[in-house]
Amino acid sequence: MPDRRRFLQTTACAALLGSAGAARALSVKPAMLSRSIPSSKEQIPVIGLGTADTFNASPGDAAAMEPLAQVLDIFTREGGYLIDTAPSYGQAEAVVGTLLARQGGRGDAFFLATKIGAQGRESAMDQIRQSQKRLGRDKLDLIQIHNLIDTRNQLALLRELKQQGVTRYIGITHYTDYAHDELTELVEREKPDFLQINLSVGARNAEKRLLPACQANGVAVLINRPFQDGALFRQVKGRALPGLAAEIGCTSWAQLFLKFIIGHPAVTAVIPATSKPANMADNVLAGFGRQPDAALRERIAALLA
């Protein structure tokens, strides 16, 4: 009898623990979708945070900083940690650094990407030193050549800095279609770790040659201008969300536009910029749930044709 009693007690405890574990599993929110950086296999979340225009505030202006702090809180709470900025974005680097300093020592948990947009080695180094100071980090995750400025010289510099441990990755950026042919040649010849370019449901030129080149050469891709600076929202203003949105769990046009981008297999992450907490809460939802396959991406594109 004692053995039977012990057996029944053990079985009951296991059942209770199993039920509790199942309940916890059901209550845990799934992690944001992540993609691999080809050159290292490191995983990063598919939704990043851009800062162009939106984070150009005075770090000492409490009223201006409060919504930006909320944006960052929402972003990190949902599993985001890739932040893209640049010296040319006004006070954005300083704002990011100030907000990260408030994270209680968690600043190193963020993947920080910035840029150099200068002619010559010394001017570029001056920018990098300023970026390190503003962001509060000696070692940066990604330094990118901004808009093809002095590309050959700056690639050589960035490769030196990567060897020295100043940056973990190097990249090249642009934001317009006319640069895609030159970027394709650079990707094929130089094979940077990252390329940052424009892509949206209304601007698909990168899909022709550039994105396939990135896939073939192991280059990670960050996407800027996902909403074409708001033009896509103006185009669908007053229109009801189409029924196909439910097929991939979208509850807003923003999520649909972002999932269209994430659905391309060459894309590593998209970096929508916002200063509005509500928009950030909406944007991050695109990083969860089902993503569109090639056929569904074409159906989404047809909505704006």
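When the residues of the stretch 102-148 are filtered to those that are basic (K, R) and over 20 Å from I37 (Cβ atoms), the one that is surrounded by the most Cβ atoms within 10 Å (Cβ to Cβ) is R134.
Can you tell me which residue among S275, S252 is at pLDDT 95 or above, of a type in the set (S, T, Y), farther than 19 Å from V221 by Cα and surrounded by 17 or more Cβ atoms within 10 Å (Cβ to Cβ)?
After applying the criteria, what remains is S275.
Evaluate the following for K237: is it closer than 19 Å to L304 by Cβ and either without any contact (Cβ under 8 Å) to a residue 12 or more places away in the chain or among the aromatic types (F, W, Y) (or both)? Answer is yes for this residue. Among the conditions (1) touching a Lys or Arg at 6+ places or on another chain (Cβ under 8 Å); (2) among the acidic types (D, E); (3) at pLDDT 95 or above, D108 misses just one, which is (3). Would you check if P87 is out of contact with any Asp or Glu (no Cβ under 6 Å at 6 or more places or on another chain) and closer than 29 Å to L148 by Cα? Against the criterion (out of contact with any Asp or Glu (no Cβ under 6 Å at 6 or more places or on another chain) and closer than 29 Å to L148 by Cα), P87 qualifies.
Take L135 and decide whether it is within 21 Å of the chain's Cα centre (by Cα) and at pLDDT 95 or above. Judged against the criteria, L135 is a match. Quick one: what pairs do we get from the stretch 246-267, first residue on the phi < 0 side of the Ramachandran plot and in contact (Cβ under 8 Å) with a residue 12 or more places away in the chain, second of a type in the set (K, R) and in a loop (DSSP other than H, G, I, E, B), C-beta under 7 Å, 6+ apart or different chains? What qualifies is I248/R290. Considering (1) farther than 15 Å from S39 by Cβ; (2) among the hydrophobic types (A, V, I, L, M, F, W, C); (3) touching a residue at least 40 places away in the same chain (Cβ under 8 Å), the lone condition that V219 does not fulfil carries the number (1).
Once the stretch 217-246 is narrowed to residues that are surrounded by 13 or more Cβ atoms within 10 Å (Cβ to Cβ) and of a type in the set (D, E, K, R), the residue that is nearest to G48 (Cα to Cα) is R225. So which of R134, R129 is touching a Gly at 6+ places or on another chain (Cβ under 6 Å) and over 15 Å from F111 (Cβ atoms)? Sole residue among the options that is touching a Gly at 6+ places or on another chain (Cβ under 6 Å) and over 15 Å from F111 (Cβ atoms): R134. Among the conditions (1) modelled with pLDDT of 95 or more; (2) assigned to a helix (DSSP H, G or I), the only one that D3 does not satisfy is (1).
How many residues are part of a loop (DSSP other than H, G, I, E, B) and either free of Cβ contacts under 8 Å to residues at least 24 places away in the same chain or touching a Pro at 6+ places or on another chain (Cβ under 8 Å) (or both) when one looks only at the stretch 49-85?
5
For Q132, state whether it is within 21 Å of K191 (Cα to Cα) and either in contact (Cβ under 8 Å) with a residue 60 or more places away in the chain or of a type outside the set (S, T, Y) (or both). Spelling it out, it is not the case that Q132 is within 21 Å of K191 (Cα to Cα) and either in contact (Cβ under 8 Å) with a residue 60 or more places away in the chain or of a type outside the set (S, T, Y) (or both).
This table checks each residue for (1) out of contact with any helix residue (DSSP H, G or I) (no Cβ under 9 Å at 6 or more places or on another chain); (2) crowded, with 21+ Cβ neighbours inside 10 Å.
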site: S36; (1), (2): yes, no
site: T51; (1), (2): no, yes
site: A57; (1), (2): no, no
site: L68; (1), (2): no, yes
site: L72; (1), (2): no, yes
site: L82; (1), (2): yes, yes
site: S88; (1), (2): no, no
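The values are calculated or read from the model by the stated rules, or taken from the named source; none is laboratory data. The structure displayed is predicted, hence computed values, not measured ones. Neighbour counts run over all protein chains shown; Cβ positions are idealised from the backbone, glycine included.
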